[in-house]
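Let me begin by presenting the structure, written as structure tokens, before commenting on it.
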Amino acid sequence: MSHRFSPLIAALGLAAALPAAADSTLEYIVTEAPATAGKPQPVLIKDGRVMVKGAGGDSKLDVLYTRDDESLFIIDHRKHSFMTLDQQQLARFGRQAEALQPLLQGFGEQLGKLPPEQRAKWEQMLGGNVSLDQIAEAAKPAESASVVRTGTARNVGGIDCEQMNLFQGKSKTGDFCLADPKRLNLSGDDYATLRSLLNFSEKLAGTTQGLAGQFGIKLPNIRVQELSGVPVEMREFSNRGQSSMTLNRIVTSAVAADLMRIPDGYRSEPLTPLQ
């Protein structure tokens with residue numbers, strides 16, 4: 001879930017006349033298709049940092065973003081380790097993707113032509129976790145992604161919002177509903193921090209979507225800076241069903257500083273584009 005909705009978890013646009021200072025906790029409920037039970041997804045904001053607890057529904061995985069240096073840390077509590085993604089890493093991934101893309105595209109096209117028995121052998125060699133259909137589909141030219149402002153007013157959990165539709169080419173792939181941040185009592189600083197995370201997420205999607213697409217990972221490159229608001233509901237539609245993130249509650253009380261950092265003793269590990 002996290003890699004699909006990450007460009008939308010952040011707030012969209014900069015607003016004026018927000019409360020001057022306060023920490024914020026946005027709790028979303030994440031539902032993965034075809035599951036029915038939702039999982040809590042807390043998003044903590046404090047002093048220019050965002051901590052996503054239990055990223056993607058994994059209680060042992062956190063994501064920390066710092067606004068000042070635009071760095072993102074993937075914290076793995078199972079391994080007591082963390083991986084760092086910053087502007088330098090983004091540039092490196094972009095160079096790698098540019099160099100490997102022609103090779104991987106040709107590889108994907110050839111896989112799409114394999115007879116069933118050979119396809120089964122390849123999928124077994126890949127551990128059964130990567131579908132050859134996904135790789136072959138990703139080898140095709142990517143359709144453009146777009147956001148369509150509908151003007152439709154909705155109410156999600158008692159919060160008024162405006163619906164936006166997501167399209168990949170002519171196909172609707174999802175939607176999200178944006179609320180005025182003043183309705184959520186977010187401080188101006190917390191809102192700016194969320195905006196910074198959004199910008200970083202867009203850079204990540206634009207840099208790595210071609211390479212990641214060869215392995216069935218969809219990172220839509222969507223520019224939504226002109227939109228203003230906080231997402232209170234995000235839905236993705238696929239052949240597996242509908243996945244969603246829905247804002248359950250927001251708390252504007254102090255967040256403990258210890259929650260907004262990498263735990264002591266955790267070791268740094270290298271991050272590769274395919275992790």
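Odds and ends about this structure:
- Going from the fewest other Cβ atoms within 10 Å to the most, the residues Thr193, Thr25 appear in the order Thr25, Thr193.
- For Ala153, neighbours were defined as the other residues whose beta-carbon sits under 9 Å from its Cβ, and their charges (Lys and Arg +1, Asp and Glu -1) total -1.
- Residue-count net charge about Pro42 - beta-carbon cut-off 9 Å; Lys, Arg +1, Asp, Glu -1: 0
- The slack between Asp47 and Ala120, meaning 0.36 nm per residue of separation minus the straight C-alpha distance, is 21.2 nm.
- Legend: ranking of residues Lys170, Lys182 from fewest to most surrounding C-beta atoms inside 10 Å; resulting order Lys170, Lys182.
- Charge sum, other residues only, whose C-beta stays under 14 Å from Val255's C-beta, Lys/Arg counted +1 and Asp/Glu -1: -3
- Exposure proxy shown here: for Met260, Met51, Met245, the number of other Cβ atoms within 10 Å sets the order, fewest to most, as Met260, Met51, Met245.
- Simple spin-label estimate for Asn165 and Ser59 in nanometres, 7 Å along Cα-Cβ: 4.0
Each reported figure results from applying straightforward, stated rules to the coordinates on display, with no laboratory input. In this text, all values refer to a predicted model and were calculated from it rather than measured experimentally. All Cβ positions, glycine included, derive from the backbone under ideal geometry; neighbour counts span all protein chains shown.
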